[in-house]
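To start, the structure itself, in structure tokens.
The values are calculated or read from the model by the stated rules, or taken from the named source; none is laboratory data. Everything numeric here is computed off the predicted structure, so don't read it as measured data. Cβ: placed from backbone, ideal geometry, glycine included. Neighbour counts: every protein chain shown.
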2 protein chains.
Amino acid sequence: MEKVKVIIWGFGAMGSGMAKMLLKKQGVEIVGVCDKDTSKINKSIFEILNIKQTGRKEVIIKKNIEEIVTNNYADIALLCTDSYVKEAYEKIKYIIENKINVISTAEEMVYAKAQYPEIAKQINSIAKENGVTVLGTGINPGLMMDLLAIVLTGACEEVNSIECKRVNSLSPFGPTVMEEQGVGIRPEEFYTRVNNGSLAGHIGFSESIKMITDAIGWKLDKPISQECNPIISSVYRKTPFAEVEEGNVAGVNMIGHGVINGEKKVNMIHPQQIEPELEGVNTGDYINIKGNPNINMSIKPEIPGGIGTIAMCVNMIPHVINSKAGLRTMIDLPVPRAIMGDMRDLID
Amino acid sequence: MEKVKVIIWGFGAMGSGMAKMLLKKQGVEIVGVCDKDTSKINKSIFEILNIKQTGRKEVIIKKNIEEIVTNNYADIALLCTDSYVKEAYEKIKYIIENKINVISTAEEMVYAKAQYPEIAKQINSIAKENGVTVLGTGINPGLMMDLLAIVLTGACEEVNSIECKRVNSLSPFGPTVMEEQGVGIRPEEFYTRVNNGSLAGHIGFSESIKMITDAIGWKLDKPISQECNPIISSVYRKTPFAEVEEGNVAGVNMIGHGVINGEKKVNMIHPQQIEPELEGVNTGDYINIKGNPNINMSIKPEIPGGIGTIAMCVNMIPHVINSKAGLRTMIDLPVPRAIMGDMRDLID
């Protein structure tokens, strides 16, 4: 059997991280990469990754997906370019019309129907017409604040409320994340940027909450509500890519709620900041389910976002290839798992 | 659409608990119950459960499955009679030959091919011939020491080792469990009973370990090894159904290992006892994954075994009905989840 053939669209931190992971795995090969960054175009992925090519096929980074898809057959494309459904849509459409499965890192694609039911229907129908599958996944949304809570409810006779809390550190991240999350800016700038849409904070509460409520059969009274507040540092904080003066923004605290029958039954709490331990904050993932039984889960420290997203996307490749055609979600497919053997052994 | 029709075979603590849970759910009805206990035969399930029948169909407990299957059509049977594959086999065969899906509580059925690959093949082929699905599940094996660990590896690029530790209390359980686990007996009797096979301790390490290793693609060097040791109490302990003198057995400590490439990479630790807090033992479920990243999960207190098994079996009903035919396992199906809406909404 031939190796599983993978295209990577977008060779930033996520796409290049997935490439590194794939190069360590058996039974899979990268057959094409594209990225709009001119400093990478026409270079070997091995040069960009600083990994020896030894024995592996050369892969030259192209500017456009058309240069890859016309030249190579692939089983799946990892689309690592966007956060929003509307931005990812045309790219997904192009890939699936070429009869290639897709895994997207776009947070909103984890549960596209939460905010864009019509686009979700279109993707589903184009995917079915072309006999391929589309999945959005990642660490969050995708696992920590949705799928994992859902799995735990499997042990419950009744569920009254679900709280997912992810307290993580932004310290390992680079300049893009610092900029996106407003790390280091003044509080007044924070609110200006939230209001003008240039500071989004975490993307995914709508998707996580709708995934949970659909999974367990709760009906939301109304669209979810969320708040995005600055974490004001009372100490000086510094990382290789960010510096926060006392009184400035160390990160973003987001909270979100899903209301069912007038009650806030699904609650999300997600503070992200650099150097949280400087103010005694311990990072971790926490899920608290009130029901029969109550379940109190903690993972300390938190599962890191970067590796976690890379791993989730790569590890779901076999499930997506095996799935029936259409737009699928993490609650439709078998559970994610690490791939320590030959990936081909996992293909039906 | 008609309600989902359920048969319950075995009306002990698990079967009657599932009946109580089902009676609280929408879109599902119990259409038949059988049990060999003469004190229950020919009685109404509502009498045995001490629940008012109001508006529900009467269900009289029969002695034999033949009396139910010939009279009623059902979508699924919950088989709550056995722990071992060899004991459950003929019953499963009877049900699936009557074209009814099965969920079995038998611990070994959670991953039947771990110890009985030939029987697993037979069940798979009979189920396929009859167009129905068979699943074994429960809280453990089924979730706490296998599926949940597998889900968490989904966030890992690499896994080096997995430790699952379940520290639970036997205090809520009745006389059957006390007898099976040797609670209250003297240490010398413990070893006699382990050696003559009348004290099994926890059943399921072979199944949990093989499920994990198959899921992530590790190959076991040899069958798993396990040890069953008494937890000797240094204090007096008492519950409604058991009494343990100082120096006697408060429960069973089991450990098990799966060896891969000469290393104990999958490790199970499962002490079960009454009143653990009397000696400062805090109950909980713990999963520690060494890899990239490391993951340290804890659930405190432990998810209770009784409710957990009841919930897992009932909550998996829609997935089993929706599944393609054959013998399936928890790693083949979508994730378990609570059912808070109408069960029919979950049937494809």
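Remarks
- Count of region B:135-163 residues which are closer than 25 Å to B:Pro301 by Cβ and either within 9 Å of chain A (Cβ to nearest Cβ) or surrounded by 24 or more Cβ atoms within 10 Å (Cβ to Cβ) (or both): 19
- For region A:298-321, the criterion of being over 18 Å from the mean Cα position of the chain (by Cα), more than 7 Å from chain B (Cβ to nearest Cβ) and among the aliphatic types (A, V, I, L, M) is satisfied by at least one residue.
- Scan region A:211-230 for residues that are more than 30 Å from A:Glu188 (Cα to Cα) and free of Cβ contacts under 8 Å to residues at least 40 places away in the same chain and the total you get is 2.
- Failed condition for A:Glu246, given (1) touching a strand residue (DSSP E or B) at 6+ places or on another chain (Cβ under 7 Å); (2) more than 11 Å from A:Ile224 (Cα to Cα): (1)
- Residue in region B:76-99 that is under 26 Å from B:Gly27 (Cα atoms), part of a loop (DSSP other than H, G, I, E, B), in contact (Cβ under 8 Å) with a residue 40 or more places away in the chain and out of contact with any helix residue (DSSP H, G or I) (no Cβ under 7 Å at 6 or more places or on another chain) present: no
- Positions within region A:322-348 being within 21 Å of the chain's Cα centre (by Cα) and facing chain B (nearest Cβ under 7 Å), in sequence order: A:Ile331, A:Asp332, A:Leu333, A:Pro334, A:Val335, A:Pro336, A:Arg337, A:Ala338, A:Ile339
- Within this structure, B:Asn315 passes the test of being free of Cβ contacts under 8 Å to residues at least 60 places away in the same chain, within 19 Å of A:Leu148 (Cα to Cα) and either among the charged types (D, E, K, R) or buried (at least 23 other Cβ atoms within 10 Å of the Cβ) (or both).
- Region A:231-252, subset part of a loop (DSSP other than H, G, I, E, B) and hydrophobic (A, V, I, L, M, F, W, C), residue nearest to A:Ser169 (Cα to Cα): A:Phe241
Quick grid of which residues meet (1) basic (Lys, Arg); (2) in the same structural domain as B:Leu22 (by TED's automatic domain parsing); (3) touching a His at 6+ places or on another chain (Cβ under 7 Å):
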site: B:Ile255; (1), (2), (3): no, no, no
site: B:Asn261; (1), (2), (3): no, no, no
site: B:Glu277; (1), (2), (3): no, no, no
site: B:Gly284; (1), (2), (3): no, no, no
site: B:Lys290; (1), (2), (3): yes, no, no
site: B:Pro293; (1), (2), (3): no, no, no
site: B:Ile321; (1), (2), (3): no, yes, no
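- Subset tally (residues that are surrounded by fewer than 24 Cβ atoms within 10 Å (Cβ to Cβ) and either closer than 22 Å to B:Ile260 by Cα or among the polar types (S, T, N, Q) (or both)) for region B:164-181: 4
- Selection within region B:275-319 - part of a loop (DSSP other than H, G, I, E, B) and among the charged types (D, E, K, R): B:Glu275, B:Lys300, B:Glu302
- In the set (1) under 22 Å from A:Pro141 (Cβ atoms); (2) without any contact (Cβ under 8 Å) to a residue 40 or more places away in the chain; (3) away from chain B (no Cβ under 14 Å); (4) over 20 Å from the mean Cα position of the chain (by Cα), A:Asn253 fails one condition alone, (4).
- Scanning region B:35-75 for residues that are free of Cβ contacts under 8 Å to residues at least 40 places away in the same chain and either among the β-branched types (Val, Ile, Thr) or assigned to a strand (DSSP E or B) (or both) turns up B:Thr38, B:Ile41, B:Ser44, B:Ile45, B:Ile48, B:Ile51, B:Thr54, B:Val59, B:Ile60, B:Lys62, B:Thr70.
- Residue list for region B:320-348, restricted to those being touching a helix residue (DSSP H, G or I) at 6+ places or on another chain (Cβ under 8 Å) and in a helix (DSSP H, G or I): B:Asn322, B:Met343, B:Leu346
- Taken across region B:19-34, residues that are assigned to a loop (DSSP other than H, G, I, E, B), crowded, with 20+ Cβ neighbours inside 10 Å and of a type in the set (A, V, I, L, M) do not occur at all.
- Each residue in region A:332-348 was checked for being of a type in the set (A, V, I, L, M, F, W, C) and under 20 Å from A:Ala88 (Cβ atoms), and 1 of them qualify.
- Filtered residues of region B:207-235 (kept if of a type in the set (Gly, Ala, Ser) and crowded, with 22+ Cβ neighbours inside 10 Å): B:Ser208, B:Ala215, B:Ser233
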